[in-house]
Amino acid sequence: MTRWAVVLAGGVGSRFWPISTPDRPKQLLPLATTEPMLADALARLAPIVPPERTLVLTNAGLVDAIARIAPALPRENLIAEPKPAGTAAALAWGAHLIAQRGARDDVMISVHADWAIGDADGFRAALIAAAETAERQHALVTVGVVPVRPDPGFGYIQPGEPAGPQARRVSRFVEKPDRARAEAMVRDGFLWNSGIFVWRAGDFLDEITALTPEIAPHLAAHPDDAAGFFGAVDKPIAVDVGVMERSARVLVVPGDFGWDDVGTWAALKRVRECDARGNALSGIVHALDASDNVVHADGNAVVLYGVRDLVVVSRPGLTLVTTTERASDLKQLIDTLPPHIRELS
């Protein structure tokens, strides 16, 4: 089996304001470890996919920054999307490049650049199991993460009938539920929709042609022109909606390896090492009689006294203070910022 990796590294990470900016978004920041999240993602993949077969799809303005973070990747493997067109278009272009540079039978593993993974060996084992299933059954395979809590912030997958040694057919995908429904789905054996996808490049392209008219004509019209292809996609569409929910060839393989999409500042309590009072602290921080806080001190010292459930993000010239509950809704805050504060970020 010849394996390729496609790493999705676009987006601006507004939920990690004020540290995340368009020029240095979430995937380029050291949030889960001391290394940028993209560097962690590439290091996890390296034992099973070599750099010459690893593609990174990102915003056009981030290519130079990613080249500095990932010097082992050939420059032609950093694919600039001239405009956001959704994950279905990004993965279709990735599969198209793999079919051009390799073969349609080559297996493509798609992951995101901004995840935290607790068990890297378990993660790779799940990817290999999914790759073997995709090759053997010509299926579109997703890795469903075994839930550790009923989280309403994630999508869910309902496994169906067995379809091989480790795989099951996907009965349905469920978008982010409310908490009560999430609790019921966890009890019923649903899996988290991780966004990990594995397939043979040709199988995915065939499904794009058959099922995704939002993309297929543009790929056929611009086979050698990324700018033309992405520019022609009128409306961004997610691969879940544009392909996975429409296909009859979708299988799920379970995985249990400490996955977290690190979607908000509050999520750092799950992926960083916390002190005895449950505080996730980074930088110069002194905490007294304080518990369950998240502090990211970049260039400034932060002192906590007698508080709990706060998020404090400090950088030169700007400090954000909110609660762990409200940290998931920073877009509403950012939209109200006066220009003199917005310009600081």
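The values are calculated or read from the model by the stated rules, or taken from the named source; none is laboratory data. It should be emphasised that the depicted structure is a prediction, and the values quoted were computed from it without experimental measurement. Cβ placement follows ideal geometry from the backbone for every residue including glycine, while neighbour counts extend to all protein chains displayed.
Quick look at the values:
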{"item": "Which numbered condition residue 294 fails, given (1) more than 20 Å from residue 29 (Cα to Cα); (2) at pLDDT 95 or above", "result": "(1)"}
{"item": "Residue in region 240-251 that is loosely packed, with under 15 Cβ neighbours inside 10 Å and more than 23 Å from the chain's Cα centre (by Cα) present", "result": "yes"}
{"item": "Scope region 124-154; condition in contact with a helix residue (DSSP H, G or I) (Cβ under 8 Å, 6 or more places away or on another chain), surrounded by fewer than 16 Cβ atoms within 10 Å (Cβ to Cβ) and among the small types (Gly, Ala, Ser); matching residues", "result": "153"}
{"item": "Residue list for region 241-266, restricted to those being under 30 Å from residue 312 (Cα atoms), of a type outside the set (D, E, K, R) and either free of Cβ contacts under 8 Å to residues at least 12 places away in the same chain or not in a helix (DSSP H, G or I) (or both)", "result": "257, 258, 259, 262, 263, 264"}
{"item": "Output for region 32-55, where each listed residue is hydrophobic (A, V, I, L, M, F, W, C) and in contact with a helix residue (DSSP H, G or I) (Cβ under 6 Å, 6 or more places away or on another chain)", "result": "32, 37, 38, 39, 48, 55"}
{"item": "Residue check for residue 181: outside any loop (DSSP other than H, G, I, E, B), basic (Lys, Arg) and within 28 Å of residue 47 (Cβ to Cβ)", "result": "no"}
{"item": "Test result for residue 120, touching a residue at least 60 places away in the same chain (Cβ under 8 Å), in the same structural domain as residue 98 (by TED's automatic domain parsing) and crowded, with 22+ Cβ neighbours inside 10 Å", "result": "no"}
{"item": "Answer residue from region 1-27, given it is in contact with a helix residue (DSSP H, G or I) (Cβ under 9 Å, 6 or more places away or on another chain) and at pLDDT below 85 and is nearest to residue 65 (Cα to Cα) among those", "result": "23"}
{"item": "Close pairs (7 angstrom Cβ cut-off, 6 or more residues apart or separate chains): assigned by TED's automatic domain parsing to the domain that holds residue 270 and crowded, with 22+ Cβ neighbours inside 10 Å in region 286-314, among the acidic types (Asp, Glu) and at pLDDT 95 or above anywhere", "result": "293/309"}
{"item": "Residue pairs meeting the criteria (Cβ under 8 Å; at least 6 apart or on separate chains; first closer than 14 Å to residue 91 by Cα and in the same structural domain as residue 93 (by TED's automatic domain parsing), in region 213-240; second loosely packed, with under 15 Cβ neighbours inside 10 Å and charged (D, E, K, R))", "result": "214/234; 214/235; 230/83"}
{"item": "Residues of region 212-235 satisfying the condition of being buried (at least 17 other Cβ atoms within 10 Å of the Cβ) and part of a loop (DSSP other than H, G, I, E, B)", "result": "212, 214, 215, 222, 233"}
{"item": "Considering residues of region 299-345 that are in a helix (DSSP H, G or I) and of a type in the set (Val, Ile, Thr) only, the residue modelled with the highest pLDDT", "result": "336"}
{"item": "Residues that are acidic (Asp, Glu) and either in contact with a Gly (Cβ under 9 Å, 6 or more places away or on another chain) or farther than 17 Å from residue 190 by Cα (or both), drawn from region 228-274", "result": "234, 240, 256, 260, 261, 273"}
{"item": "Residues that are more than 13 Å from residue 19 (Cα to Cα), polar (S, T, N, Q) and surrounded by 11 or more Cβ atoms within 10 Å (Cβ to Cβ), drawn from region 315-345", "result": "322, 323, 324, 328"}
{"item": "Some residue of region 199-211 being part of a loop (DSSP other than H, G, I, E, B) and either aromatic (Phe, Trp, Tyr) or surrounded by fewer than 19 Cβ atoms within 10 Å (Cβ to Cβ) (or both)", "result": "no"}
